[in-house]
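So the structure is just underneath, and the comments pick up after that.
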Amino acid sequence: MADEWRVLVARTTTGEIVGDIRASDVPRFERRISDPGSYSVDVFLGTGANTAADLHEFTETGRYSWIVAYGDHICQAGPVWTWQFSDEERKLSVSGSNVSSLFDKRILRNPHGHTAITDPSEDLILRDLSVRGLVAELVRANLAQRGYQLPITIPDAEPGPESITYYGYDLATVWDRMTDLAERDDGPEVDFAPEFVDGGRKIRWRLEIGGPLLGDQKTPEVWDYGSVVGPIDTDVDGATTPASRVWVKGAGEGRTLLTGVAEDPALPAAGVPGIDLVDTTHAAEQRQDLLDSYARAALESQRRPASRWETTLRIATGRRGSEVSAALGTWSLGDAPLIAVDGHPWVPAAHYRRRVVSFADSSPTELRIDLQPVP
């Protein structure tokens, strides 16, 4: 089919596509690494196939997922969470996020638990897996519960040295535990990538787990500034960087407090004033090796000021085919194409390898993308 923006509706638990929505404008969305992202669609009531009866059903929160697609490529899809209707404008505004947002609303427990959440049968015990394998098994265990199935393709368990017990009585969400794993030293990035299956009659989400990064860091793709890539805005946030020492607070208090620590003595030696960073997000952690791993990861991420480029990316060619583009499907979230810059008033002329860490709507033929240096 011709590439154009379209909005579809699917049943969340089966992925079966049951509706086609005529949006009033280009749907708004954002897709970001290790983040549920969002979407928002405006619909004028009574336009084309947009009947009140259908929309009343299709806006049932959680039960239905809306799909933002460009041609045959899905940019964002997941459950509806909020909607608003304006009587004066006869406009319905529907918002939601990726299917991964459900895991922030689900408690991690053993799917075969059979009594109170404090009973040992509710604990999830994982053995002899890699960190990537742990991520996959967290999702698999959650979907194994009765009534919790979702159309998600999960990679096979990857063996490794990791063993861990997740206690049901912690009442932690699946997303919290996935985030814990991602924040380790060399913790993996994740993405729940939506895709059409069964000839376009259904949608599935594919769990992608980085190793630790998502995407191709050495892709041969070259995007030229001024043609494929639009104006480049740059910013650097160095408010807490470069950090020379990181502490991570664990379980305990006072003299019994467990802490992880990581330090980079090279920075003060090079004349950079020392900056300390304290991470308090792992206050229940009792394993010293994990606290140290969190500290090393935080030190690495704060070793240099956060540098970001924001620009637009052309995804469609002109009517005469004279304009080049980076069509959807030729690159993925996390890829690091070479950005060929020449003639920018601030960025020196050169080829820069930058990762696509997020993409969002911009115009009928362009996306807005965030680019960051390859770690």
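The values are calculated or read from the model by the stated rules, or taken from the named source; none is laboratory data. From a predicted model like this one, the values you see are computed outputs, not experimental measurements. Using ideal geometry, Cβ is built from the backbone for each residue, glycine included, and neighbour counts are taken over all protein chains shown. Ligands, DNA and RNA are stripped out before the accessible areas are found, and what is left, the full protein with its side chains, is counted by its heavy atoms. Shrake-Rupley method; radii C 1.70, N 1.55, O 1.52, S 1.80 Å.
What to note about this one:
- Calculated P(r) of the stretch 284-375 - Cα pairs past 17 Å, %: 63 percent
- Rounded D (µm²/s) - the stretch 251-299, Kirkwood Rh over Cα pairs, Stokes-Einstein at 10 °C, 1.306 mPa s: 133 µm²/s
- The stretch 268-356, relative contact order in percent, only Cα pairs under 8 angstrom and at least six apart counted: 14 percent
- Between the stretch 147-163 and the stretch 189-248, the Cα center-to-center distance that results, in Å: 22 Å
- Here the accessible area is traced with a 1.4 Å probe on the protein chains. For the stretch 224-375, carbon and sulfur cover 51 percent of it.
- In the stretch 194-263, GluC sites (Glu not before Pro) in a DSSP loop with at most 13 other beta-carbon atoms within 10 Å: 253
- Average silhouette area of the stretch 207-279, convex hull of alpha-carbon atoms, in square nanometres: 9.8 nm²
- Adding -39500 (n - 2.57) for every DSSP H run of four residues or longer, then dividing by how many residues the chain holds, sets the calculated 222 nm ellipticity at -3500 deg cm²/dmol.
- Loop GluC sites (Glu not before Pro), the stretch 65-146 (other Cβ atoms within 10 Å of the site Cβ: 15 or fewer; DSSP): 88, 89
- Protein accessible area in the stretch 1-143, 1.4 Å probe - carbon and sulfur %: 47 percent
- Once the 1.4 Å probe is applied to the protein heavy atoms, the stretch 244-364 comes out at 54 Å² accessible per residue.
- For the chain, the convex hull drawn through the C-alpha positions has a volume of 188 cubic angstrom per residue.
- D by Stokes-Einstein for the stretch 154-221, Kirkwood Rh over Cα pairs, 4 °C, 1.567 mPa s: 88 µm²/s.
- Under the Debye formula (equal points on every Cα, no solvent term), log10 I(q)/I(0) of the stretch 166-320 at q = 0.09, 0.15 Å⁻¹: -0.48, -1.04
- Accessible solvent surface per residue of the stretch 114-160, calculated while the other protein chains remain in place, 1.4 angstrom probe, Å²: 50 Å²
- Residues whose amide H falls under 5 Å from that of residue 117, counting only those 5 or more places apart or on a different chain, are absent, with hydrogens built in the peptide plane.
- Cβ charges +1 (Lys, Arg) and -1 (Asp, Glu), total dipole of the stretch 220-305, debye: 400 debye
- log10 of Debye I(q)/I(0), alpha-carbon scatterers only, for the stretch 39-149 at 0.16, 0.18 Å⁻¹: -0.84, -0.95
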